[in-house]
Amino acid sequence: MRARSRCAICAATPASYAWRAPTFSTRSRRHLHDDPRRERKELFVSETRATTMRTDMCGALRATDAGRTVSVCGWVARRREHGEHLAFIDLRDHTGLVQCVIHGDHDLRSEYVARITGVVRPRPEGTVNASLGTGDIEIQDCIVEILASAEPPPFPLDARADDVDENVRLRFRYLDLRRERLQRNLRARAAVNSAVRRAMERQGFAEVETPMLMPSTPEGAREFLVPSRKEPGSFYALPQSPQLFKQLLMVGGFDRYFQIARCLRDEDLRADRQYEFMQLDAEMSFVDQDDVLAAISEAVLDAAEAVTGERPDAIPRITWHEAMDRYGVDKPDLRFAMELTELTPIFAETGFKAFAGASSIKGIRVPGRAEEFGRSKLDALTDRAKKLGAKGLVWMRVAADGTLDSPVAKFLVEAEQQALRDALAAEPGDLLLVVADEWATSCEVLGHLRNDLGRPPVHKGPYKYVWVVDFPMFVGVSDAGIPKPGHHPFTRPHPDDIDKLESDPMNVRSRAYDLVLNGWELGSGSIRIHEPELQQRIFNLLGIAPDEAMKRFGFFLTPFRYGAPPHGGFAFGIDRLVAILAGEENIREVIAFPKTQSGTDPMTNSPTPVDAKQLLDLGLRVLPKVE
RNA sequence: GGUCCCGUGGUGCAGUUUGGAGUGCACGCCGCCCUGUCAAGGCGGAGGCCGCGGGUUCAAAUCCCGUCGGGACCGCCA
């Protein structure tokens, strides 16, 4: 046993895992740290997970094992029969495949579970399989024990199943899980959990569990409710996050808390959203933003390193305002340029009506794609822009001679056209898109178009982490003219803006921050308000009177009267981080038993109706369906 | 709540535009042959409520309406 920590994906030690060749096959789509081009002679130094039934793992055997008598256990991945005298069986466990040479008649079919005992020998000359990690050797003189027979699987348990209807994969999830892809993804997930836990412990965070059954606090996401049997008509809520409890842990003197916490939100599902998901949830006392960002960065970078083998650089920061200004979104994807360019001054004196008087004119340059955008695609882009809230979209194709091919070109004087080309660094063949509107609208519309036109799949290319800081305290106003909190109502205002709370609330920044990776929001956090007076000031702004605040948040507010430390925290989504690191575009691929977009589980058929007796015990009656 | 895409033997597809016999391909499955294969090969065979319901038609996988299921997105996710 080695003292150094192992790769939790493949159980190899750090010294070896960077050299580990794929042991399943070269057809698999993704490899994390595998590189089959490397030298293979010192490939694999693995713990053998020997048991009373086996001596070695299938995928771990190497030429250095030649001569050993071994026992391996696993599933029949493939068989190649040559009559009753000879057959090749590829036996699979989670470490990979090994070829077993079987003489005589054995009824070994797909997915039969078998124990095979034999002698490891180098393969005969000319039969080495370079695409297998175990391809230099095979197990000969085999004794075959069938441990379980199996019906043929409904889909092939290899890379071909990537194309199988996801509903079928989910119905037979336990079979899907046998595949290399899901084995790797879930082991990457385990590696992330482990690295995160170690990073937090190393930094002095204590792991504390918080309740799953808590009072309903209807702000924010829709909650799952759990009826109380003892008090019919009353309900628990499942936590959207441990937010309130973790702040109380700070009041309780824990100083540094973390938890890999299950969170539940009854909102519609997406590629990056499930009802239940896991967060690294953390909170710290006597800190400011820099402390929190540093601690969380440590966990994220450790997690990334554990999966990819490479530690990312320090995570850069960008303010919310700059993110909106340059990328038009609060979760910028920094893997590609196409930045929003400020054009307002160019058209200060313009005679073009759509631009004249607009408070913000911005544009993006879509390099080299003028050709591709004919009239119908440009009309579709314009529709898209309008749906996103713009009054319109000005498009221009840069012709070979540099002139602007656009229905509005005739409204722009030559100096304006030249300044526009210069500002956007336009080249012949480029498509230019311009929006003139309020600053926020111009940014948001172009930000969407930028993502639509330029964004690679989330898992492609380099990993670009970024902290987005200085979020606005309030976003928009309610119908009654009351500001709406951008993060949550316990978020601390930016210290430089506190004086403006009442006079200019919409321009108050908060001490709230997001972590973004490749355009996906990984998580968010904030420095909190720990003084009851400041908290009530915020509630006043939000139109919540003191008695109302006590009614809604009483159990949370009372503790702060007993001495709360300055504190702040963060939470990021484990599922999303793992998905990106594992090269997946959908978090269902990194969850063992996920639900479909409609919230059902094809394997267990949940949710299901329950017996009338159960409802009776809970004091519940189900209403008839409304037509 | 909304928009768009997809439902054809166990799996993946073609067929739908322009209606004409469940017509076809690949994999898998079952049987036989085969002593160096490796997503083995050869021969043979079985397997279909064309998601479901209704309509149009002499005739519907194909056209129309509805519905169910899956997926992507918008709303929503403090």
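Computed from the coordinates by the stated procedures, all read-outs in this text should not be read as laboratory data. Just so we're clear, the structure is a prediction, and the values are computed from it rather than from any experiment. Reconstructed Cβ throughout: ideal geometry from the backbone, glycine too, with neighbour counts over all protein chains shown.
Helix A:375-387 and the long axis of chain A differ in direction by around 70°, with both axes built from C-alpha atoms. Using every pair of distinct Cα positions in segment A:409-449, the Kirkwood expression returns a hydrodynamic radius of 11.6 angstrom. Along segment A:94-111 the Karplus relation, 6.51 cos²θ - 1.76 cosθ + 1.60 evaluated at θ = phi - 60°, assigns HN-Hα couplings of 6, 8, x, 10, 9, 7, 10, 8, 10, 9, x, 9, 9, 8, 9, 10, 3, 6 Hz to successive residues, with x for each Gly and Pro. For segment A:342-479, the Kirkwood radius over C-alpha pairs fed into Stokes-Einstein at 37 °C and 0.692 mPa s yields D = 203 µm² per second. Of the peptides A:584-591, A:249-256, A:597-604, the ranking by mean beta-carbon count within 10 Å, highest at the top, reads A:584-591, A:249-256, A:597-604. Using only alpha-carbon positions in segment A:61-100, the gyration tensor eigenvalues give semi-axes of 19, 14, 8 Å once each is multiplied by 5 and square-rooted (largest first).
Backbone phi angles across segment A:356-366, fed through the Karplus curve with coefficients 6.51, -1.76 and 1.60 (θ = phi - 60°), yield HN-Hα couplings of 4, x, 5, 6, 8, 10, 9, x, 10, 10, 9 Hz in residue order; Gly and Pro are listed as x. Selection among A:Ser503, A:Phe570, A:Gln597 by position relative to the dipole of segment A:495-627 gives A:Gln597 as farthest towards the positive end (Cβ unit charges, Cα centre). For segment A:323-366, trypsin sites (Lys or Arg not before Pro) are listed when DSSP marks them as loop and at most 12 other Cβ atoms sit within 10 Å of their Cβ; the list is A:Lys353. One way to sum up the overall shape of segment A:305-411 is the equivalent ellipsoid from its Cα gyration tensor, whose semi-axes run 32, 19, 14 Å, largest first. Sorted on the mean count of surrounding Cβ atoms within 10 Å across their residues, most packed first, peptides A:451-463, A:530-542 read A:530-542, A:451-463. Note on chain A: dipole from Cβ charges, positive end direction compared against A:Ala512, A:Gly233, A:Ala221; the farthest Cα belongs to A:Gly233. In whole Å, how far is the Cα centre of segment A:321-370 from that of segment A:511-528? Value for the Cα centre distance between the two parts: 24 Å.
What number, rounded to the nearest 500 deg cm²/dmol, is the helix-based mean residue ellipticity at 222 nm of chain A, given -39500 (n - 2.57) per DSSP H run of at least four residues and division by all its residues?
On the way: 14 runs with 151 residues, N = 627.
Calculated at 222 nm, the ellipticity per residue is -7000 deg cm²/dmol.
The separation of segment A:558-623 from segment A:181-199, counted between C-alpha centres, amounts to 19 Å. Considering all different alpha carbon pairs of segment A:231-344, the Kirkwood hydrodynamic radius works out to 17.7 Å. With 0.36 nm allotted per residue and the present C-alpha distance subtracted, the A:Arg78-A:Asp313 stretch has 80.3 nm of extension available.
Of all beta bridges that DSSP places with both ends in chain A, some 95 percent have antiparallel geometry. For segment A:254-375, a simple Cβ point-charge model (Lys and Arg +1, Asp and Glu -1, everything else neutral) yields a dipole of about 740 debye relative to the Cα centre.
Say R0 is 45 Å: what FRET efficiency, to the nearest 0.05, do A:Ala337 and A:Glu209 get from their beta-carbon distance? Approximately 0.50, to the nearest 0.05.
Label reach from A:Lys410 (point 7 Å along Cα→C-beta): in segment A:341-371, amide nitrogens under 18 Å belong to A:351-355.
What translational diffusion coefficient, in µm²/s and rounded to a whole number, does the Stokes-Einstein relation yield for segment A:451-537 at 20 °C and a viscosity of 1.002 mPa s, taking the hydrodynamic radius as the Kirkwood radius over Cα pairs? Once the numbers are plugged in, D ends up at 147 µm²/s. How far, in degrees from 0 to 90, does helix A:180-202 lean away from the longest principal axis of the Cα atoms of chain A, to the nearest 10? Helix A:180-202 sits at roughly 60 degrees to that axis. Which whole-number percent is the relative contact order of segment A:552-627 (Cα, under 8 Å, 6+ apart)? With pairs under 8 Å counted, the relative contact order is 11 percent. Across chain A, the fraction of Cα-Cα pairs farther apart than 49 Å, rounded to a whole number, is 28%. Assuming charge only on the beta carbon of Lys and Arg (+1) and of Asp and Glu (-1), the dipole of segment A:253-297 about its Cα centre is about 200 debye to the nearest 20. Of the residues A:Ser524, A:Leu449, A:Tyr463, the one whose Cα sits farthest toward the positive end of the charge dipole of segment A:441-583, with +1 on the Cβ of Lys and Arg and -1 on the Cβ of Asp and Glu, is A:Tyr463.
Report the calculated FRET efficiency for A:Arg222 and A:Thr127 (r = Cβ-Cβ distance, R0 = 51 Å), to the nearest 0.05. Efficiency, rounded to the nearest 0.05: 0.25. Using the Karplus relation 6.51 cos²θ - 1.76 cosθ + 1.60 with θ = phi - 60°, the per-residue 3J(HN,Hα) values for segment A:156-168 come to x, 8, 9, 4, 4, 5, 4, 8, 6, 3, 5, 4, 5 Hz, with x marking Gly and Pro. Under the criterion of Cα pairs below 8 Å and six or more residues apart, the relative contact order for chain A equals 13 percent. Estimated at 0.36 nm per residue, the fully extended path between A:Lys613 and A:Glu276 surpasses their Cα-Cα distance by 118.6 nm.
Given their separation in residues at 0.36 nm each and the Cα-Cα distance between them, A:Thr558 and A:Ile146 gain 141.8 nm when the chain is fully extended.
Placing +1 on the Cβ of every Lys and Arg and -1 on the Cβ of every Asp and Glu, with no other charges, gives chain A a dipole of roughly 1420 debye about its Cα centre. Cross-link check: pairs A:Lys386/A:Lys460; A:Lys246/A:Lys551; A:Lys331/A:Lys484; A:Lys387/A:Lys595; A:Lys331/A:Lys460; A:Lys387/A:Lys500 evaluated at a Cα-Cα cut-off of 26 Å; pairs beyond the cut-off: A:Lys386/A:Lys460; A:Lys387/A:Lys595; A:Lys387/A:Lys500.
Residues whose amide H comes within less than 5 Å of that of A:Ser510, counting only those at least five positions distant or on another chain, are A:Phe471, A:Met473, A:His494 (H built at 1.01 Å from N in the peptide plane). As a ratio to 2.2 N^0.38 Å, the alpha-carbon radius of gyration computed for segment A:41-144 takes the value 0.97.
Taking a Cβ cut-off of under 15 Å around A:Arg270, the surrounding Lys, Arg, Asp and Glu residues balance to a net charge of -4, with basic ones at +1 and acidic ones at -1.
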